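A.B. asks: Mind having a look at this structure? Questions to follow.
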Amino acid sequence: MKRAFLLIVWCGMVQMLCAQDVDTRPTVRLETSAGVIRVVLFDETPLHRENFLRLTKSGFYDGTLFHRVIRDFMIQGGDPDSRGAAPGVSLGNGGPGYDLPAEICFPDLYHWRGVLAMAREGDEINPERRSSGSQFYIVWGKKTDEQTVRRICAARFNDTGVKTPRHVRESYERTAGCPHLDGAYTIFGEVIDGLNVVKKIQKMKTDSLDRPLHDVLLIRAVVEQ
């Protein structure tokens, strides 16, 4: 009897430990004309997470384009005006009619390859660094040596006392990213599957407005969990 009781207790403890390892963060599947990209949304930025989930569930992103693509940098989408846009049309000004307060979590969240973040207007007209209500980008970037990251950090943060931690500098040197964006944009997720699709899109030929010559369609976005 005692042995059976101990076995039950042990099984219960194992179940509790396993439950702690389950990732309960929401994931979204982006079905594009170039392939499928799956992203997980971070708990550290709840306003952006919930906004992205709400727009996704409403079908807001379905049929839009990745309208801005820059090789070795990033791919950008989420402009509702891109839906059915004719070639050569300037895009990037559309949205849901609102913006979001910044939730910048540097250095915990930095611009490593595969990060999902919100686009925004520049500091000159947006000093609070509020995010676009819908337009997002996925980082590709390139490898950057530690010394260069230090220079970028010094220029970015000036005399604020903010420094880029060593593990972040090493990450940029080892696996690539965009350190010049750190501390300036809200990161709210990352790619967990389909980074090869991001690679394919960022290599596409574009026009003078950085729009791919052959449209990259976000066919639909689906909340998985």
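A.B. asks: Checking K142 against (1) under 28 Å from N196 (Cβ atoms); (2) touching a Gly at 6+ places or on another chain (Cβ under 6 Å), which single condition isn't satisfied?
C.D. replies: (2)
A.B. asks: Only residues in region 41-63 that are closer than 15 Å to P96 by Cα count as the first member; pair them with residues that are among the hydrophobic types (A, V, I, L, M, F, W, C) and part of a helix (DSSP H, G or I), Cβ under 7 angstrom, at least 6 apart or cross-chain, and list the lot.
C.D. replies: Between residues of region 41-63 that are closer than 15 Å to P96 by Cα and residues that are among the hydrophobic types (A, V, I, L, M, F, W, C) and part of a helix (DSSP H, G or I), the close pairs are Y61/L55.
A.B. asks: Name the helices (runs of 4 or more DSSP H) wholly within region 110-225 that hold at least 1 residues that are among the β-branched types (V, I, T) and more than 13 Å from I75 (Cα to Cα)?
C.D. replies: 146-157, 166-175
One line per residue, one yes/no per condition, for (1) without any contact (Cβ under 8 Å) to a residue 40 or more places away in the chain; (2) surrounded by 14 or more Cβ atoms within 10 Å (Cβ to Cβ):
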position: R120; (1), (2): no, yes
position: D123; (1), (2): no, no
position: E128; (1), (2): yes, no
position: F136; (1), (2): no, yes
position: K142; (1), (2): no, no
position: V149; (1), (2): yes, yes
position: I152; (1), (2): yes, yes
position: N158; (1), (2): yes, no
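A.B. asks: Can you tell me which residue is farthest from Q225 (Cα to Cα) among those in region 166-212 that are in contact with a strand residue (DSSP E or B) (Cβ under 8 Å, 6 or more places away or on another chain) and among the basic types (K, R)?
C.D. replies: Among those that are in contact with a strand residue (DSSP E or B) (Cβ under 8 Å, 6 or more places away or on another chain) and among the basic types (K, R), it is K205.
A.B. asks: Do we find a residue being touching a Leu at 6+ places or on another chain (Cβ under 9 Å), on the phi > 0 side of the Ramachandran plot and at pLDDT 95 or above anywhere in region 119-130?
C.D. replies: no
A.B. asks: Could you check region 46-75 and list, in sequence order, the residues that are outside any helix (DSSP H, G or I), β-branched (V, I, T) and out of contact with any Ser or Thr (no Cβ under 7 Å at 6 or more places or on another chain)?
C.D. replies: Selection gives I70, I75.
A.B. asks: Filter region 67-112 down to residues that are closer than 29 Å to P179 by Cβ and aromatic (F, W, Y) and give me whichever is surrounded by the most Cβ atoms within 10 Å (Cβ to Cβ).
C.D. replies: Y110
A.B. asks: Please specify each residue of region 110-165 satisfying the condition of being of a type in the set (A, V, I, L, M, F, W, C) and in contact with a strand residue (DSSP E or B) (Cβ under 9 Å, 6 or more places away or on another chain).
C.D. replies: Matches in region 110-165: W112, V115, L116, A117, M118, A119, F136, I138, V139, W140.
A.B. asks: T175 passes all but one of (1) at pLDDT below 95; (2) within 14 Å of V115 (Cα to Cα); (3) surrounded by 17 or more Cβ atoms within 10 Å (Cβ to Cβ); which number fails?
C.D. replies: With respect to (1) at pLDDT below 95; (2) within 14 Å of V115 (Cα to Cα); (3) surrounded by 17 or more Cβ atoms within 10 Å (Cβ to Cβ), T175 is out only on (3).
A.B. asks: I'd like the full set of residues that are surrounded by fewer than 21 Cβ atoms within 10 Å (Cβ to Cβ) and among the charged types (D, E, K, R), limited to region 179-225.
C.D. replies: E190, D193, K199, K200, K203, K205, D207, D210, D215, R220, E224
A.B. asks: Let me confirm something: among F66, F42, which residue is modelled with pLDDT of 95 or more, aromatic (F, W, Y) and closer than 13 Å to G189 by Cβ?
C.D. replies: Answer to the check: F42.
The values are calculated or read from the model by the stated rules, or taken from the named source; none is laboratory data. Note that the coordinates shown come from a computational prediction; the quantities given were computed from them, not determined experimentally. Here the Cβ is made from the backbone with ideal geometry for all residues, glycine too, and neighbour counts use every protein chain on show.
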